[in-house]
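Heads up: the structure comes next, in structure tokens.
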Amino acid sequence: MNPYSKALVAAISMGGLLCAQTASSPYADLKKLYGAVRDNLQKMSEQMPEENYGFKPTPEMRSFGELMAHVADVQGTLCSAGMGTPKPPSVASLTKKADVVAALKKSSELCDAALDALTPATASQVTPVRGLTRLGVLEFNFGHSEEEYGYGSPYMRLKAEVPPSSAAPHK
């Protein structure tokens, strides 16, 4: 095989690999990033002992339980908009650990479903949330979840708990 034929075969092979990569969801990275923070939030909510769900670092801050319920509530709002479905009932008033953990899991499942259902055709559809598109609200949800996880970490440290992202090796 001459050098030009080898180059042509290599180019065709690389082109096939590139096509194979673009055949996957264009939202795979967002789903992967959200999956990491989703898992950390779920582990955080499960790891914090029940007696610390009422803990507030300062009187004007949310309690740990209120913070986790807030995450579940916002995820429900944003991810239902990302799905194009009605907003679920608010869970912001939940206080018991088991209820908050379950609500967070349910809202995370809604977010996973919204990301799985996202297509190029639906991604640009405008939602009632701040005039953002479906993709926009799901990106906003990821950012909000990251932010709230960051808020929750000091609560854990103040109660001698190691946040999940610090306890496990990073992937």
### Message
Rolling a 1.4 angstrom probe over the protein chains, ignoring ligands and nucleic acids, what is the accessible area of ASP39 in square angstrom, nearest 10?
### Response
60 Å²
### Task
Hey, can you grab everything whose amide H is under 5 Å from the amide H of THR133? Only 5+ residues off in sequence or another chain; H modelled, so Pro and N-termini drop out.
THR127
### Task
Please report the relative contact order for segment 26-171, taking Cα pairs under 8 Å with a sequence separation of at least 6, and give it as a percent rounded to a whole number.
30 percent
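The values are calculated or read from the model by the stated rules, or taken from the named source; none is laboratory data. Values in this document were obtained by computation on a predicted structure and should not be read as measured data. Please note that ligands, DNA and RNA were not included when accessible areas were found on the heavy atoms of the full protein model with its side chains. Shrake-Rupley method; radii C 1.70, N 1.55, O 1.52, S 1.80 Å.
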